[in-house]
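Since the structure comes first, as structure tokens, the remarks are kept for the end.
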Amino acid sequence: MSKPRIIATVEARMTSRRLPGKVLTPAGGRPLLAVLMSRLRAAKSMDGVVLATTVNATDDPVAALGRELGVGVFRGSEDDVLGRVCGALQSAQAEVCVEITGDCPLVDPQIVDEAVAEYLRTRGVNRYISNSDPQRSAPAGLDVQVFDANALFELEAETDDPADREHVSFGFYRPESKGKWKPRFVTHASCKGGEDLLITLDYDEDYRMIRRLHEELSARTPLYGASDIIRWVKDHPEMHDACRAVRSAELVQ
């Protein structure tokens with residue numbers, strides 16, 4: 001098989017309920033979305049990146065940053081994220097999607113390349129590869145999903161389920177699919193021991209930890225990886241405990 005055209009999509013918007021404007025919050029003198037893009041573009045396996053944001057005026061600064069960074073920009077529905085990602089893939093003539101969300105600013109390019117390599121190795125059988133739920137093998141925030149773009153277009157045409165429209169790739173592994181897409185869940189040696197950590201940008205507590213982590217690690221190693229992140233978080237348990245606590249507090253409200 002010849003190598004397919006592999007495009008990463010990054011879903012990002014300003015109207016987060018818990019932490020509005022989170023993708024443009026600064027760390028190390030740059031918006032976290034710019035940090036995410038620079039780390040993602042360091043992956044060697046992709047042919048391009050498209051920022052999938054919304055048509056809302058509130059997301060004009062997000063689109064402007066994408067253009068400034070030199071990545072593709074596609075704007076679509078805020079609520080129909082599945083349709084938005086499909087539009088982004090079509091705009092880039094993608095054959096394979098690497099799906100990344102804007103709340104994962106510290107994505108590890110090595111993990112991305114590992115997941116893509118697994119997809120290419122087994123794509124005759126598995127049309128979806130992931131290190132995330134429901135068989136998580138990486139910290140939340142280092143999620144990578146790789147799948148056949150045509151398979152996503154099929155899902156998009158078939159479903160009106162709000163869960164599918166919001167969560168994009170849920171249809172690949174939801175029980176009702178009965179294994180149609182033969183999802184495969186991969187592990188990473190660099191993530192061993194950190195599978196239950198939270199490094200995802202949802203709350204102010206997350207931002208405080210991610211900002212400090214990035215500024216300290218990037219000062220020593222600009223392209224630090226998953227093992228460096230896991231070690232830093234374990235060395236700063238009080239910050240990670242605060243991230244867990246805010247989630248627990250929301251659950252009991």
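Out of everything in the range 27-41 that is open to solvent by 10 Å² or more (accessible area, probe 1.4 Å) and of a type in the set (D, E, K, R), what residue ends up being nearest to I100 (Cα to Cα)? First the steps, then the outcome.
First, the residues of the range 27-41 that are open to solvent by 10 Å² or more (accessible area, probe 1.4 Å): 28-31, 38, 41.
Next, from what is left, pick out any that are of a type in the set (D, E, K, R): 30, 41.
Working: R30: 19, R41: 12 Å.
Top of the filtered list is R41.
Mind checking which residues of the range 170-206 are at positive phi and touching a helix residue (DSSP H, G or I) at 6+ places or on another chain (Cβ under 7 Å)?
Once the filter is applied, which keeps residues that are at positive phi and touching a helix residue (DSSP H, G or I) at 6+ places or on another chain (Cβ under 7 Å), the range 170-206 yields only G193.
Out of everything in the range 155-184 that is touching a strand residue (DSSP E or B) at 6+ places or on another chain (Cβ under 9 Å) and of a type outside the set (V, I, T), what residue ends up being most open to solvent (accessible area, probe 1.4 Å)? Show your work before the answer.
Narrowing the range 155-184 to residues touching a strand residue (DSSP E or B) at 6+ places or on another chain (Cβ under 9 Å): 168-169, 172-173, 181-184.
If we keep only those that are of a type outside the set (V, I, T) too, we end up with 169, 172-173, 181-184.
Numbers: S169: 2, F172: 0, Y173: 64, W181: 5, K182: 103, P183: 43, R184: 76 Å².
The residue in question is K182.
May I ask you to list the residues in the range 100-110 that are open to solvent by 10 Å² or more (accessible area, probe 1.4 Å) and in a strand (DSSP E or B)?
T101
Please go through the range 116-148 and pick out each residue that is more than 16 Å from the chain's Cα centre (by Cα), within 23 Å of L36 (Cα to Cα) and among the aliphatic types (A, V, I, L, M).
The answer is A117, and nothing else.
Looking only at the range 130-153, decide whether some residue is of a type in the set (V, I, T) and farther than 24 Å from R84 by Cα.
Kept after step one, since they are of a type in the set (V, I, T), are these residues of the range 130-153: 144, 146.
Still in the running and farther than 24 Å from R84 by Cα: none.
No, every residue in the range 130-153 fails to be of a type in the set (V, I, T) and farther than 24 Å from R84 by Cα.
Using the structure shown, decide if C97 is open to solvent by less than 10 Å² (accessible area, probe 1.4 Å), among the hydrophobic types (A, V, I, L, M, F, W, C), at pLDDT 95 or above and part of a strand (DSSP E or B). Before the answer, list the steps.
On the way: open to solvent by less than 10 Å² (accessible area, probe 1.4 Å): yes; among the hydrophobic types (A, V, I, L, M, F, W, C): yes; at pLDDT 95 or above: yes; part of a strand (DSSP E or B): yes.
Yes: the conditions hold for C97.
Being small (G, A, S) and buried (at least 22 other Cβ atoms within 10 Å of the Cβ) narrows it down to one of G70, G66, so name that one.
Values: G70 fails: buried (at least 22 other Cβ atoms within 10 Å of the Cβ).
Only one candidate passes the filter, namely G66.
With the requirement that a residue be open to solvent by 10 Å² or more (accessible area, probe 1.4 Å), among the hydrophobic types (A, V, I, L, M, F, W, C) and assigned to a helix (DSSP H, G or I), what does the range 77-94 give you?
The answer is V81, and nothing else.
Determine whether R247 is open to solvent by 60 Å² or more (accessible area, probe 1.4 Å), in contact (Cβ under 8 Å) with a residue 12 or more places away in the chain, more than 27 Å from E118 (Cα to Cα) and not in a loop (DSSP other than H, G, I, E, B).
Details: open to solvent by 60 Å² or more (accessible area, probe 1.4 Å): no; in contact (Cβ under 8 Å) with a residue 12 or more places away in the chain: yes; more than 27 Å from E118 (Cα to Cα): yes; not in a loop (DSSP other than H, G, I, E, B): yes.
No: the conditions fail for R247.
Determine which member of the set S169, S77, S137 is among the polar types (S, T, N, Q) and without any contact (Cβ under 8 Å) to a residue 24 or more places away in the chain. Let's see the steps before the verdict.
Values: S169 fails: without any contact (Cβ under 8 Å) to a residue 24 or more places away in the chain; S137 fails: without any contact (Cβ under 8 Å) to a residue 24 or more places away in the chain.
Result of the check over S169, S77, S137: S77.
The values are calculated or read from the model by the stated rules, or taken from the named source; none is laboratory data. What you see is a predicted model; the values in this text were computed from it and never measured. All Cβ positions, glycine included, derive from the backbone under ideal geometry; neighbour counts span all protein chains shown. These accessible areas exclude ligands, DNA and RNA; they are computed on the full protein's heavy atoms, side chains included. Shrake-Rupley method; radii C 1.70, N 1.55, O 1.52, S 1.80 Å.
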